[in-house]
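Peer 1: There's a structure below that I have some questions on.
The values are calculated or read from the model by the stated rules, or taken from the named source; none is laboratory data. Since the structure is predicted, the reported quantities are computational estimates derived from the model, not experimental observations. Every residue, glycine as well, gets a Cβ built from its backbone with ideal geometry; the counts of neighbours run over all protein chains shown.
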Amino acid sequence: MLKPVKMSRVVVAGSKDVISPVVEKLHELRLLHIVNYNGSQPQFEMGKPIGKAKEYSEDLIKLRSVTRYLDLNKKTPDKTFSESQILSDMGNLINNVGDDVTATYERITAIDAEVKSKQDQVKALTPLAVLPLPLEAYYGYDSLATFVGTAASAVDADVARVSPVNEIYTGSAKNATFVAVFVPAEKASEVSAVLSEHGFSETSVPRLEGNVDSAIAALEGGIKSLDGEKAPLQKKLVDIKKQYEDEMLATDEYLSMQTQKTEAPLRFAETDNAFVIDGYVPADQFSRLKNELESAAGGKLEVQMIVDKEAEALAEKGEDIPSQMDNPSLVRPYELITRLFAIPEYKEFDPSLLIFIFFPIMFGMILGDIGYGVMTMLVLIMLKKKFRTPGWQQLINVVMIGSVWSIIFGFFYGEIFGPLGLWGRMMGHLPEHEIELAKEAGLYFGEGVFGALGRMGPLGIFPMDRLATNAVLLLIGTSIFIGVIHCSVGSIFGIKTELNYGSKKHAYFERLPVMLFQVFFAIALLGLVMGQSILTYLGIIVVVASVVMLVMGPEGPMSLAHTPSYVSNLISYLRLLAIGLASVGLAYAANQLAFYVIMPMLSGGATDSAEFSMLGIIAGIVILVAVHFINFLLGILSPFMHPLRLHYVEMFTKFYSAHGGGVEYSPFGHVRRFLKA
Amino acid sequence: MAVVADAGTLYGLLAVGAGLATGLAGIGAGVGEQGIGAAVVGVVAEEPGFLGKGLFLMLLPETLIIFGLAVSLILMFAWTPFSAIVTP
């Protein structure tokens, strides 16, 4: 559970006659993590693809382009297909349906381009409507130069100055004057210079005929009819998508599998008559792999396990042993958090179980509210139906277990949507004089009760109002305590990991002193707080001893530089209290604002809830919903991020991924989703 | 001339100090995270597998604000030694 699955290094060697059935079998078994042959040995060369590799990849490329036109994405299968069905339909799907889709898609693209050009023409024509000329008057001259466009000021006089022979039409458009200037061709450059002084900017006139308005009308008619043509085409694509979606994805899967199989020998070592496959298989599956492969090859194949010593030598030469995390289904979602950081190396511990233990408790301790917990739960149940990919499902499960803990902590804290709100109404309060007495005695932890059961726990600290001073102090202690446990567990795993890698010095003079330092630093603090000087002295002595051990360790005096960070690691756990306080504070503020400010204010100063006016109640509820909603959003995000950090920074640095992370076990084969087995 | 402060003023000053401790630490953490955040987003855009390590780096300066908070808590709740000085 805490370690990746044990792997065996195997070598499969066989005659080339049986390479196809062997590949077929390997693919079906999905057991062997193939180590690619790197061509390093002169007597072996790299294998060549078998079968119809080229045809399959061509079909796959064609299919992928069609699925792109149809905007098909990965999804959960609605129905599954048998391989023979896919094989018989494939020709039709790729050639007939595919060509149809391609043609339709290309026609839609062409229509879009045409509509765009017509729209541009309309845009260019619209200002021309202010001039009295028909469209054919603007072009087709040999001896005349034409300037059409907008000008900032009147151009007539200046144009007449450089070119006495001219024809000028002016109309006023929205923000500028629109002019059409006709002059003899030889005057063109001078006129152009004059026009630019007037801020002239030219418009290109589309080569059309007739009246401007009717030309625009014709263009718009054209756009309309093109749009009319496009709509059924788009509907056709949608219909095709609906009809063939699953089958196309199934075909994609089939072709991917086939290319995988045909190209597999590229990863093998080959001679003229034989092939050799190197790889890893989970140790308990070795005999199954051996039997299945040997029966598939009819005796022309040998499967051998390499003894541990030789395998270790290979690993030391840089061959990555793949690791497969092995956890019970309840813990499996937490592999997501592990994987986000790094895949455990083969000899390392898989921290998923630790995350499963600590993460939800931390999440619950921070959020700690029955109302928010139940709301998170409901939202997650809704999301769980919507987002069905494995990644999302894992994430949702992670938070869901956290929200169960936040409901549990909600009972300890006496919070339903903030402290002193709904809880008091449902479960009751302490009487006023008892609150006073408790405050007097310095034992005030809150005023809520567990209904008829009253207050519970040692000194009656539950339900604990997190905003009360005593509760804050208690939670500071609890946070540090959790921190010490968390870090110590990390350190213990660190010691064991170092021993697994065979470096005793690192284990006993680097990992162990850190643990001693942190535990006894906390004990010294505890002694100070409780006034037990024996504890303080004991703590200080061991802390000093651990620092000495560190200096004697592999890093030498340099390791002194790390010691402040061991203290800061512990202080970092204060966030378990701090983030929680922030969210309680906001919830408390929302409740106060609604019940003690807005509602009385809008009810003419009435303080009794029975006298609140309708307006006051509605405004108060709006405030409550808005603030609690914001708090709820923040309330999911930060209780997730901060424990994540506590794991990544404070805990993982003590034992995990110090050797750079591992390689995930990915056996040769394909998970069938759309295809029947 | 001796500065005379009553307990109320001193407590008020302590509260201001506590606020400053958390607030300034927050600003510091924010400034630190700004650069890291930008860099991490850049890396993750190129290589999504670095998300976890990126998050790890991004969350490192968060501890600063917790230090500020720890100082605030000490100021607010370790009030007794100060009150002993002030009360005649």
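Peer 1: Considering only the stretch A:72-106, how many residues are farther than 30 Å from A:Gly391 by Cα and among the charged types (D, E, K, R)?
Peer 2: Within the stretch A:72-106, the subset farther than 30 Å from A:Gly391 by Cα is A:84-85, A:87-106.
From what's left, among the charged types (D, E, K, R): A:89, A:99-100, A:106.
Number of matching residues: 4.
Peer 1: Considering only the stretch A:135-143, I want to know if a residue exists there that is of a type in the set (D, E, K, R), exposed (fewer than 13 other Cβ atoms within 10 Å of the Cβ) and in contact (Cβ under 8 Å) with a residue 40 or more places away in the chain. First the steps, then the outcome.
Peer 2: Just the residues of the stretch A:135-143 that are of a type in the set (D, E, K, R), to begin with: A:136, A:142.
Subsequent filtering for residues that are exposed (fewer than 13 other Cβ atoms within 10 Å of the Cβ) retains A:136, A:142.
From the residues that got through so far, the ones that are in contact (Cβ under 8 Å) with a residue 40 or more places away in the chain too are A:136, A:142.
Scanning the stretch A:135-143, I find at least one residue that is of a type in the set (D, E, K, R), exposed (fewer than 13 other Cβ atoms within 10 Å of the Cβ) and in contact (Cβ under 8 Å) with a residue 40 or more places away in the chain, so the answer is yes.
Peer 1: Condition first: farther than 19 Å from A:Lys242 by Cβ, crowded, with 17+ Cβ neighbours inside 10 Å and under 35 Å from the mean Cα position of the chain (by Cα). Can you find one or more residues in the stretch A:39-55 that meet it?
Peer 2: So far as the stretch A:39-55 goes, yes, one or more of its residues are farther than 19 Å from A:Lys242 by Cβ, crowded, with 17+ Cβ neighbours inside 10 Å and under 35 Å from the mean Cα position of the chain (by Cα).
Peer 1: Just the residues that are more than 22 Å from A:Thr478 (Cβ to Cβ) and either among the small types (Gly, Ala, Ser) or surrounded by 18 or more Cβ atoms within 10 Å (Cβ to Cβ) (or both), please, taken from the stretch A:520-540.
Peer 2: Residue satisfying the conditions is A:Ser533 alone.
Peer 1: What is the one condition in (1) in a helix (DSSP H, G or I); (2) free of Cβ contacts under 8 Å to residues at least 24 places away in the same chain that A:Ser329 does not satisfy?
Peer 2: Going through (1) in a helix (DSSP H, G or I); (2) free of Cβ contacts under 8 Å to residues at least 24 places away in the same chain one by one, A:Ser329 breaks only (1).
Peer 1: Tell me yes or no: at least one residue of the stretch A:541-564 is away from chain B (no Cβ under 14 Å), surrounded by 21 or more Cβ atoms within 10 Å (Cβ to Cβ), in contact with a helix residue (DSSP H, G or I) (Cβ under 8 Å, 6 or more places away or on another chain) and touching a residue at least 60 places away in the same chain (Cβ under 8 Å).
Peer 2: Checked against the condition, which is being away from chain B (no Cβ under 14 Å), surrounded by 21 or more Cβ atoms within 10 Å (Cβ to Cβ), in contact with a helix residue (DSSP H, G or I) (Cβ under 8 Å, 6 or more places away or on another chain) and touching a residue at least 60 places away in the same chain (Cβ under 8 Å), the stretch A:541-564 yields no hits at all.
Peer 1: Considering only the stretch A:565-597, state which residues are within 14 Å of chain B (Cβ to nearest Cβ) and not hydrophobic (A, V, I, L, M, F, W, C).
Peer 2: Initially, the stretch A:565-597 is screened for residues within 14 Å of chain B (Cβ to nearest Cβ), giving A:565-582, A:585.
Within the stretch A:565-597, A:Ser565, A:Tyr566, A:Ser568, A:Asn569, A:Ser572, A:Tyr573, A:Arg575, A:Gly580, A:Gly585 meet the criteria.
Peer 1: Still on this model: Has the stretch B:61-71 got at least one residue that is within 14 Å of another protein chain (Cβ to nearest Cβ), buried (at least 17 other Cβ atoms within 10 Å of the Cβ), in a loop (DSSP other than H, G, I, E, B) and at pLDDT 80 or above?
Peer 2: Within the stretch B:61-71, one or more residues are within 14 Å of another protein chain (Cβ to nearest Cβ), buried (at least 17 other Cβ atoms within 10 Å of the Cβ), in a loop (DSSP other than H, G, I, E, B) and at pLDDT 80 or above.
Peer 1: While we're here: Of A:Thr104, A:Thr150, which residue is part of a helix (DSSP H, G or I) and of a type in the set (S, T, N, Q)?
Peer 2: Working: A:Thr150 fails: part of a helix (DSSP H, G or I).
Being part of a helix (DSSP H, G or I) and of a type in the set (S, T, N, Q) holds for just one of A:Thr104, A:Thr150, which is A:Thr104.
Peer 1: Being in contact (Cβ under 8 Å) with a residue 40 or more places away in the chain, under 21 Å from A:Asp213 (Cβ atoms) and touching a helix residue (DSSP H, G or I) at 6+ places or on another chain (Cβ under 9 Å), is that true of even one residue in the stretch A:103-117?
Peer 2: If we filter the stretch A:103-117 for residues that are in contact (Cβ under 8 Å) with a residue 40 or more places away in the chain, which is where we start, we get A:104-105, A:107-108, A:111-112, A:114-115.
Of the ones still in play, those that are also under 21 Å from A:Asp213 (Cβ atoms) are A:115.
Remaining after also requiring touching a helix residue (DSSP H, G or I) at 6+ places or on another chain (Cβ under 9 Å): A:115.
Checked the stretch A:103-117: at least one residue is in contact (Cβ under 8 Å) with a residue 40 or more places away in the chain, under 21 Å from A:Asp213 (Cβ atoms) and touching a helix residue (DSSP H, G or I) at 6+ places or on another chain (Cβ under 9 Å).
Every residue, every condition in (1) within 11 Å of chain B (Cβ to nearest Cβ); (2) surrounded by 22 or more Cβ atoms within 10 Å (Cβ to Cβ), yes or no:
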position	(1), (2)
A:Ile623	no, no
A:Leu633	no, no
A:Ile636	no, no
A:Met641	yes, no
A:Arg645	yes, no
A:Met651	no, yes
A:Gly669	no, no
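Matching residues to (1) more than 13 Å from chain A (Cβ to nearest Cβ); (2) free of Cβ contacts under 8 Å to residues at least 40 places away in the same chain:
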| position | (1), (2) |
| --- | --- |
| B:Ala7 | yes, no |
| B:Val16 | yes, yes |
| B:Leu20 | yes, yes |
| B:Gly26 | no, no |
| B:Gly32 | yes, yes |
| B:Gly35 | yes, yes |
| B:Met58 | no, yes |
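Peer 1: How many of the residues making up the stretch A:653-665 are away from every other protein chain (no Cβ under 11 Å) and in a helix (DSSP H, G or I)?
Peer 2: 2
Peer 1: Taking the options A:Glu510, A:Glu447, A:Glu436, A:Glu498, name whichever one is more than 14 Å from chain B (Cβ to nearest Cβ), acidic (Asp, Glu), more than 39 Å from the chain's Cα centre (by Cα) and buried (at least 19 other Cβ atoms within 10 Å of the Cβ).
Peer 2: On inspection, the qualifying residue turns out to be A:Glu447.
Peer 1: Looking at (1) assigned to a loop (DSSP other than H, G, I, E, B); (2) surrounded by 15 or more Cβ atoms within 10 Å (Cβ to Cβ); (3) free of Cβ contacts under 8 Å to residues at least 60 places away in the same chain, find the lone condition where A:Leu474 falls short.
Peer 2: Among (1) assigned to a loop (DSSP other than H, G, I, E, B); (2) surrounded by 15 or more Cβ atoms within 10 Å (Cβ to Cβ); (3) free of Cβ contacts under 8 Å to residues at least 60 places away in the same chain, A:Leu474 violates only (1).
Peer 1: Does A:Ile355 fit the bill of being at pLDDT 90 or above, among the β-branched types (Val, Ile, Thr), closer than 24 Å to B:Pro48 by Cβ and buried (at least 22 other Cβ atoms within 10 Å of the Cβ)? Break it down into steps so the answer makes sense when it comes.
Peer 2: On the way: at pLDDT 90 or above: yes; among the β-branched types (Val, Ile, Thr): yes; closer than 24 Å to B:Pro48 by Cβ: yes; buried (at least 22 other Cβ atoms within 10 Å of the Cβ): yes.
Taking the combined requirement at face value, the residue satisfies it.
Peer 1: Also, I was wondering about something else. Restricting to the stretch A:453-494, give me the number of residues that are within 22 Å of A:Val584 (Cα to Cα) and out of contact with any strand residue (DSSP E or B) (no Cβ under 7 Å at 6 or more places or on another chain). Give the steps one after another, and end with the answer.
Peer 2: The initial filter retains those residues of the stretch A:453-494 that are within 22 Å of A:Val584 (Cα to Cα), namely A:455-457, A:460-483.
Checking the rest, the ones that are also out of contact with any strand residue (DSSP E or B) (no Cβ under 7 Å at 6 or more places or on another chain) come to A:457, A:460-461, A:464, A:468-483.
Residues in the stretch A:453-494 being within 22 Å of A:Val584 (Cα to Cα) and out of contact with any strand residue (DSSP E or B) (no Cβ under 7 Å at 6 or more places or on another chain): 20 in total.
Peer 1: Take the residues in the stretch B:42-57 that are within 14 Å of A:His647 (Cα to Cα) and hydrophobic (A, V, I, L, M, F, W, C), then tell me which one is surrounded by the most Cβ atoms within 10 Å (Cβ to Cβ).
Peer 2: Here the residue is B:Phe56.
Peer 1: Only residues in the stretch A:584-607 that are farther than 25 Å from A:Gly414 by Cα and at pLDDT below 85 count as the first member; pair them with residues that are of a type in the set (Phe, Trp, Tyr) and assigned to a loop (DSSP other than H, G, I, E, B), Cβ under 6 angstrom, at least 6 apart or cross-chain, and list the lot.
Peer 2: Hits for this filter: A:Ser603/A:Phe612.
Peer 1: State whether the residues of the stretch A:506-519 include one that is in a helix (DSSP H, G or I), touching a residue at least 60 places away in the same chain (Cβ under 8 Å) and β-branched (Val, Ile, Thr).
Peer 2: yes
Peer 1: If we keep just the residues of the stretch A:218-272 that are surrounded by fewer than 17 Cβ atoms within 10 Å (Cβ to Cβ) and hydroxyl-bearing (Ser, Thr, Tyr), which is nearest to A:Ser65 (Cα to Cα)?
Peer 2: A:Ser256
Peer 1: OK, next. Would you say B:Ala78 is loosely packed, with under 13 Cβ neighbours inside 10 Å, more than 9 Å from chain A (Cβ to nearest Cβ) and either in contact with a Cys (Cβ under 6 Å, 6 or more places away or on another chain) or modelled with pLDDT under 80 (or both)? Talk me through it step by step, then tell me what you get.
Peer 2: Details: loosely packed, with under 13 Cβ neighbours inside 10 Å: yes; more than 9 Å from chain A (Cβ to nearest Cβ): yes; either in contact with a Cys (Cβ under 6 Å, 6 or more places away or on another chain) or modelled with pLDDT under 80 (or both): yes.
For B:Ala78, the condition - loosely packed, with under 13 Cβ neighbours inside 10 Å, more than 9 Å from chain A (Cβ to nearest Cβ) and either in contact with a Cys (Cβ under 6 Å, 6 or more places away or on another chain) or modelled with pLDDT under 80 (or both) - is met.
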